Amino acid sequence: MLEPIAYDIGRLCKEEDKELTPKLIDIDVIGLSQEKIFYGIMTPFRCPNSKSIYELRKSYVKADGIKMPFDTFRELTSIFKKSFIGTVKYKGNVFKYQILNFGKHVDLIELEDADLYIIADGRRLIERKELQIIPKIREKISPNSAIYSPAVFPWEIPLLAYIGVDYFDDSLAKLYASMGYKFTKNRAVKVDSFSFEELYNNNKKVYEEILEEVRIAIKNGFLRNVVEETAVSHPYLWANYRRYEPDLRNIPLSKENKIIVTTNINIPEVKKYLERLDNYEPYSNIIVLLPCSSKKPYSISQSHQKFIKAIKSAKVVVEEVILTSPYGLVPRALERLVNYDIPVTGEWSFEEIELINNCLKNFLKKVKEKFDDYIVIAHLPEHYLEILELDDIVITSKGNPTSEEALKNLTDTLKKYKELTKSKDINKKGQRIHNIQQLAEFQFGINFIPNEIFINHKGQIFTKINNKNQQIASINPKNGLLILTLSGGELLWNSGGKDINYIEVNYEIKKGSLFPPGFVDCNENISYNDEVVLIKDDTFLGIGRALMSGFEMKKAKHGALVNIRNVKS
């Protein structure tokens, strides 16, 4: 029914006629129109107590099964019909649908192989903060199948799209217009100066505007911010949002556009970063702690240009570490992977303090394991120093890290500790290679970069293979990640085998797209937009970019799975 084309936790899909979802849908399910689905099958909510609506409900309740009330006792569930199955015609095609009618008993769901899953009791699920059932359904079904949640308010759409819903309707536009309510992006307002038609048209327009914004947000990677803007006004939505644990494979490892950080620091992009930060290995035993900057990457900011110059003047190889919220700790080697903006107040929350100190303690534990003797130099403003839970540090900032006095103090202090690195085989060339290797480890879960490499000014990485200089990767200037070449892809495959981002096919591939008929298997931990290698019978064939997660690929029935960039001749 759908072909996914972009993910940002939620997904952007295209129908056969190229229209994009999330969108409104008006279908005739078992002879019922959109409004009749709402009044006849779905449990009513806040409905006006009028005879006409009662008669409408009565007319369209079918006799082939009794709908189970939401709060039914488990002992009584067996007498109710928990699933309605049928076919529906939509845009000239016939699709199989399943109406899921399980009440509060999520474990009773038995999913059929369908094109469209309709969530009964959606209003109760939302208001009871039970929306986690929707991602559980999404987890079990094909990415080509759609989920439809009838009778939702406009301000509920961003969150529902975020957790996996593809289709909505605007049935509440008419109902609330009839009661004198005007919809806005965030609420329904009771008004007296508008006619029914004016209210109805306004309410329908709000649905369309919200859906358009959601589609744009998914495509450009800021859906979470749209969700927070709408959910924060409604406690039941905010509770659902905070309880939801998204599949991190449905976001890229690094985004080109800035991540806007709000008061909620537990965001998916940060969680994904922190999980991989644990694998980072420090290069030097002289650790310099630095503050973050508003400009990203940090190294192009005026303050960090001064820090880098002061460190370079000391002629000492150090491990530069930036302390920041919400990422906790960012080694200089990984700075291009974090692109965010956060309101700065000069005050830290308890969660931010805890995160930074935990990250720093874990990092220093690795330093000690590798070097035994090390020094920590804090070149930080006062409001950073106040939160550090470290006993043994050298402070060089003198109140203002960017002042000439502080920068000279940093240089002089580093010179004093130069002897610490002399017996450790630490040098600038080695650090540059180390940084690329740690980037590879962070991105692919394995270091496949040889110890002898050359990096040119364009970020292209070369090594000798069969006595010839061959490019193995380049650094993407937009997101800081490695882009594989054929030689690099083969190195990666030979280094990690099926522990890396591999996709197995059953034919001799060409440049273009990989579709389900040619797909055999893959590493299900592949994320959307990941660099991947393609193999056949354990033989390396080519490289490409994942258009969905590996977990989703294994369930896909049609549509492009991988963009195949290059193939071994």
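Readers should treat all values here as calculations from the given coordinates under stated rules, not as data from a laboratory. Here the structure is a predicted model, which means the values were calculated and not measured. All Cβ positions, glycine included, derive from the backbone under ideal geometry; neighbour counts span all protein chains shown.
For the Cα atoms of the chain, what angle does the longest principal axis make with the long axis of helix 350-371, in degrees from 0 to 90, nearest 10?
Its long axis makes an angle of about 40 degrees.
Evaluated at 4 °C with a viscosity of 1.567 mPa s, what Stokes-Einstein diffusion coefficient in µm²/s does segment 108-209 have when Rh comes from the Kirkwood expression over alpha-carbon pairs? Don't skip to the end; give the middle numbers.
Numbers: Rh = 14.7 Å.
Rounded to a whole number, D works out at 88 µm²/s.
As I understand it, the value is the acute angle between the Cα axis of helix 196-220 and the longest principal axis of the Cα atoms of the chain; what does it come to in degrees, rounded to 10?
The angle comes out at about 30 degrees.
Hey, can you grab everything whose amide H is under 5 Å from the amide H of Cys13? Only 5+ residues off in sequence or another chain; H modelled, so Pro and N-termini drop out.
Residues meeting the criterion, in which the H sits 1.01 Å from N, are Ile5, Thr21.
So what is the calculated 222 nm ellipticity per residue for the chain, using -39500 (n - 2.57) for each DSSP H run with n of 4 or more, over all residues, to the nearest 500 deg cm²/dmol? Don't skip to the end; give the middle numbers.
On the way: 18 runs with 185 residues, N = 569.
After summing the helix terms and dividing by residue count, I get -9500 deg cm²/dmol.
Under 25 °C and 0.890 mPa s, how fast does the chain diffuse according to Stokes-Einstein, given a Kirkwood radius computed over C-alpha pairs? Answer in µm²/s, whole number. Don't skip to the end; give the middle numbers.
Values: Rh = 26.7 Å.
Estimated via Stokes-Einstein, D reaches 92 µm²/s.
In debye to the nearest 20, how big a dipole does the chain give about its Cα centre with +1 on each Lys and Arg Cβ and -1 on each Asp and Glu Cβ?
Values: 80 positive and 76 negative charges, 184 e Å.
My answer is approximately 880 debye.
Provide the descending list of Cα extents for segment 178-298 along its principal axes, expressed in whole angstroms.
73, 28, 26
Could you list Val532, Val232, Val29 in order of exposure, starting from the residue whose Cβ has the fewest other Cβ atoms within 10 Å?
Numbers: Val532 32, Val232 15, Val29 21.
Ascending number of Cβ neighbours within 10 Å: Val232, Val29, Val532.
Specify the inter-centroid distance of segment 196-247 and segment 364-412, based on alpha-carbon positions, in whole Å.
Computed from Cα coordinates, the inter-centre distance equals 44 Å.
Going Cα to Cα from Lys464, which lysines come in below 28 Å? Please leave out same-chain ones fewer than 8 positions away.
Lys424, Lys428, Lys429, Lys478, Lys498, Lys510, Lys511, Lys536, Lys568
How about segment 81-143: which GluC sites (Glu not before Pro) there lie in a loop by DSSP and see at most 10 other Cβ atoms within 10 Å?
Numbers: sites: Glu110, Glu112, Glu127, Glu130, Glu139; in loops: Glu110, Glu112, Glu130.
When the GluC sites (Glu not before Pro) of segment 81-143 are filtered for loop state and at most 10 Cβ neighbours within 10 Å, Glu110 remain.
Ile535's amide H: which non-local residues (gap 5+, or another chain) put their own amide H closer than 5 Å, with H modeled 1.01 Å from N in plane and none for Pro or chain starts?
The list, which skips near neighbours in sequence, is Ile503, Glu504, Val505, Leu541.
Work from the charge dipole of segment 318-423 (Cβ charges, +1 for Lys and Arg, -1 for Asp and Glu, about the Cα centre) and give the residue of Val321, Phe371, Asn339 farthest towards its positive end.
Among Val321, Phe371, Asn339, the one farthest towards the positive end of the dipole of segment 318-423 is Phe371.
Quick one: which residues, 5 or more positions from Asn566 or on another chain, have an amide H under 5 Å from its amide H? H modelled 1.01 Å from N in the peptide plane, none for Pro or chain starts.
Ile543
With the cut-off at 19 Å, tell me which of the pairs Lys370/Lys422; Lys309/Lys415; Lys89/Lys174 have Cα atoms farther apart than that.
Pairs exceeding 19 Å: Lys89/Lys174.
Could you name the aspartates and glutamates in cross-link range of Lys315, using Cα to Cα under 14 Å and dropping any fewer than eight places away on the same chain?
Within the straight-line cut-off, Lys315 pairs with Asp412, Glu419.
Would you kindly derive the ³J(HN,Hα) couplings of segment 123-130 from the backbone phi angles with the Karplus curve 6.51 cos²θ - 1.76 cosθ + 1.60 (θ = phi - 60°), listing them in order in whole Hz, with x for Gly and Pro?
Working through the residues one at a time gives 5, 5, 4, 5, 6, 8, 6, 10 Hz.
If you build the Cα gyration tensor of segment 151-222 and take the root of 5 times each eigenvalue, what three semi-axes come out, in whole angstrom, biggest first? Display every interim value, and only then the final one.
Working: eigenvalues 120, 24, 17 Å².
Listed largest to smallest, the semi-axes of segment 151-222 are 24, 11, 9 Å.
Ranked by Cβ crowding within 10 angstrom, fewest neighbours first, how are Ile342, Ile461, Ile300 ordered? Don't jump to the answer; show the numbers that get you there.
Working: Ile342 19, Ile461 25, Ile300 11.
The fewest-first ordering by Cβ neighbours comes to Ile300, Ile342, Ile461.
For segment 555-563, what does the Karplus curve 6.51 cos²θ - 1.76 cosθ + 1.60, with θ = phi - 60°, yield as ³J(HN,Hα) per residue in whole Hz, taken in order and with x for Gly and Pro?
10, 6, 10, 7, x, 6, 9, 9, 8
With a cut-off of 8 Å between alpha carbons and a minimum separation of six or more residues, what is the relative contact order of the chain in percent? Mind dumping the intermediate values first?
Details: 1024 pairs, mean separation 63.6, N = 569.
So the answer I get is 11 percent.
For Lys365, which aspartates and glutamates qualify as cross-link partners when the Cα separation must be under 15 Å and same-chain residues fewer than eight apart are set aside?
Asp278, Glu281, Glu319, Asp373, Glu389, Asp391, Asp392
Within a Cβ distance under 10 Å of Tyr502, other residues only, what is the Lys/Arg minus Asp/Glu net charge? List each step's numbers first, then the result.
Values: positive: Lys498; negative: Asp499, Glu504, Asp521, Asp538.
Around Tyr502, the charge tally is -3.
If you take the charge dipole of the chain about its Cα centre, with +1 on Lys and Arg Cβ and -1 on Asp and Glu Cβ, which of Leu514, Asn201, Ser474 is farthest toward its positive end?
The listed residue farthest towards the positive side: Ser474.
If you place +1 on the Cβ of every Lys and Arg, -1 on the Cβ of every Asp and Glu, and leave all else neutral, what size is the dipole of segment 259-422 about its Cα centre, to the nearest 20 Debye? Display every interim value, and only then the final one.
Numbers: 22 positive and 24 negative charges, 178 e Å.
Charge dipole, segment 259-422, about its Cα centre: 860 debye, nearest 20.
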